[in-house]
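Here is the structure we will look at.
The values are calculated or read from the model by the stated rules, or taken from the named source; none is laboratory data. Just so we're clear, the structure is a prediction, and the values are computed from it rather than from any experiment. No Cβ is skipped: glycine too gets one built from the backbone with ideal geometry, and neighbour counts run over all protein chains shown. Remember, those area values only see protein heavy atoms, side chains included, never the ligands or the DNA or RNA. Shrake-Rupley method; radii C 1.70, N 1.55, O 1.52, S 1.80 Å.
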Amino acid sequence: MIIKDWKNMFSSMLYFLKLIFVRKDYDVTFVSSAYFNRGDKGENLLLKPMINSCKKHKLKYIVFEDTDLKGLYDNFNRSSEALPFDFISLIQIILRKFFNLFFIKPELESELYKREYKISKIIKRLFFNKFRSDVYITLLFNNVTLWRSINPDACVVDYQHGIIFDGHDRYVKDGQPPMIKLSNNIVTMVYGDTFKNILINNDKSNFYNDKNVIKVGLNKSNNPQKNLSKTNKNILFTLQITPDEAYKDVNENYIKIVEELIAKNAEFLSSNDYKIILRHHPRYSSKHCPTINCKYGFVDFDNITPIAELLDSVHLHMTFNSTSAFEASEIGLPTIFIGMFKEMSPNEIFLNQYSYPLRDYVVNEYKDLENILKKLSKESAYNNCCNDVYIWSKDLYSNFDEIVFENFLLEKTNIRNSNHGRKTYQK
């Protein structure tokens, strides 16, 4: 393994070595990965309103920022406010290799959890004996076993990123939550009622309930429904190619379908003045991902313009199963889903579980795209689709509820602070 960012590794190492000797107490610890830094100057937009709440109530907080040490996501800026977690990540990698070499390599979920639990105990003794936090708020439940090991009585939160559905092994699958959430007694914060209901209604273990699944919403612009121009024939196609090594074959098949879809509809798209704007996934890396070959005059790439601005500038949105369909629906922009790729089919999640209203506008064969575009060329059909998706979006993404979040936070920190007799103060 080649470490790309030695500067952040050194500052991270310095902090955690000092932590062996110096006590650190926090009210709230935020834990994220660098590839969530998608705002201006690398700002983490998901955590921004939560951090602002800490500042408002003068709570002491820290932000730990993890990253991929190989540099797969080096196109994301590191946050100037966050403390790099790189050194601890490196120790974890070394310990995992040690356990895999001298013990049986874990394959079952229970075995993986036991390994992480043992590693977390070791790291706690080495670096975190003098560290304490009342609340941990993580994205993708980053290192929750470590935080639970450090502070068994703390409140550990997983804040939703992306989509939640029945069958998602990080949320609920086969009627059960993942062992890591169950064993660590994780609180889940979600964007809207649809996601909350999916967790509670599909969990046969009754782990998820109204007390530990909290709708706090999402930091987003409260945009009204747009008056989308029928004469605009721009289509935003959000892609989902990422540098994850486990998805190498998936990426190759994905690209093949995208290229074929555009090629087989090229004559129709060109002669009818359509323009396809291809937008890569935020984690896409030109160094580590395969490329799409679509050299047509009506096809452009745009990875610079903010996604919200792109959605405002187009007539339609197209994807396999990207969460950008949610953002599009919030302004009444219809999404054409592509259903030809089993691994990324929208059928189970968007159509069955989320009940996306445009069930007749899914591309299941290459030529379906032409037929769908012909239907949507009629103003009445297009306007009906815009209204339907706008109404549908309301139960999915709620605006960030500052009152709900702050009441939760103050309750947890006040309980801990009263037990330990210390006052909170700003970072």
Q | Residue match in the stretch 107-128 (condition: closer than 19 Å to residue 61 by Cβ and touching a strand residue (DSSP E or B) at 6+ places or on another chain (Cβ under 8 Å)) | A | no
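Quick one: in the stretch 125-139, which of the residues that are over 23 Å from residue 159 (Cβ atoms) and in contact with a helix residue (DSSP H, G or I) (Cβ under 9 Å, 6 or more places away or on another chain) is surrounded by the most Cβ atoms within 10 Å (Cβ to Cβ)? Show your work before the answer.
Narrowing the stretch 125-139 to residues over 23 Å from residue 159 (Cβ atoms): 125-127, 129-130.
Then keep just the ones that are in contact with a helix residue (DSSP H, G or I) (Cβ under 9 Å, 6 or more places away or on another chain); that gives 126-127, 129.
Working: 126: 14, 127: 19, 129: 12.
This residue is 127.
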Q) Looking at residue 321, is it touching a helix residue (DSSP H, G or I) at 6+ places or on another chain (Cβ under 8 Å), closer than 21 Å to residue 381 by Cβ and touching a residue at least 12 places away in the same chain (Cβ under 8 Å)? A) no
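Yes or no, residue by residue, for (1) assigned to a loop (DSSP other than H, G, I, E, B); (2) surrounded by 15 or more Cβ atoms within 10 Å (Cβ to Cβ):
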| residue | (1), (2) |
| --- | --- |
| 189 | no, yes |
| 194 | no, yes |
| 198 | no, yes |
| 204 | yes, no |
| 207 | yes, yes |
| 210 | yes, no |
(Q) Under 6 Å between Cβ atoms, which residue pairs at least 6 apart in sequence (or on different chains) link something in the stretch 290-315 that is more than 19 Å from residue 335 (Cβ to Cβ) with a partner that is open to solvent by 40 Å² or more (accessible area, probe 1.4 Å) and not in a helix (DSSP H, G or I)? (A) 298/275
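Confirm whether residue 412 is open to solvent by 90 Å² or more (accessible area, probe 1.4 Å) and either more than 29 Å from residue 250 (Cβ to Cβ) or modelled with pLDDT under 90 (or both).
On the way: open to solvent by 90 Å² or more (accessible area, probe 1.4 Å): no; either more than 29 Å from residue 250 (Cβ to Cβ) or modelled with pLDDT under 90 (or both): yes.
Against the criterion (open to solvent by 90 Å² or more (accessible area, probe 1.4 Å) and either more than 29 Å from residue 250 (Cβ to Cβ) or modelled with pLDDT under 90 (or both)), residue 412 does not qualify.
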Q) Does at least one position in the stretch 350-366 carry a residue that is more than 19 Å from the chain's Cα centre (by Cα), among the charged types (D, E, K, R) and open to solvent by less than 60 Å² (accessible area, probe 1.4 Å)? A) no
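Looking at the stretch 239-284 only, could you name the residues that are among the aliphatic types (A, V, I, L, M) and part of a helix (DSSP H, G or I)? Quick ask: steps written out before the conclusion?
Let us first name the residues in the stretch 239-284 that are among the aliphatic types (A, V, I, L, M), namely 239, 241, 246, 250, 255, 257-258, 261-263, 266, 269, 276-278.
Passing the criteria: 246, 250, 255, 257, 258, 261, 262, 263, 266, 269.
Which of the following residues is farther than 23 Å from residue 13 by Cβ, open to solvent by 60 Å² or more (accessible area, probe 1.4 Å), not hydroxyl-bearing (Ser, Thr, Tyr) and not in a loop (DSSP other than H, G, I, E, B): 114, 118, 105, 97?
Numbers: 118 fails: farther than 23 Å from residue 13 by Cβ; 105 fails: not in a loop (DSSP other than H, G, I, E, B); 97 fails: farther than 23 Å from residue 13 by Cβ.
Going through 114, 118, 105, 97 in turn, the sole match is 114.
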Q: Read through the list (1) farther than 13 Å from residue 389 by Cβ; (2) of a type in the set (Gly, Ala, Ser); (3) buried (at least 19 other Cβ atoms within 10 Å of the Cβ), then give the number of the only condition that residue 345 fails.
A: (3)
(Q) Suppose we filter the stretch 13-54 for residues that are closer than 23 Å to residue 161 by Cα, in a helix (DSSP H, G or I) and either open to solvent by less than 10 Å² (accessible area, probe 1.4 Å) or touching a strand residue (DSSP E or B) at 6+ places or on another chain (Cβ under 8 Å) (or both); how many remain? (A) 7
Q) Before we move on, is residue 150 of a type in the set (A, V, I, L, M, F, W, C), more than 25 Å from residue 400 (Cα to Cα) and either touching an Asp or Glu at 6+ places or on another chain (Cβ under 8 Å) or touching a residue at least 12 places away in the same chain (Cβ under 8 Å) (or both)? A) yes
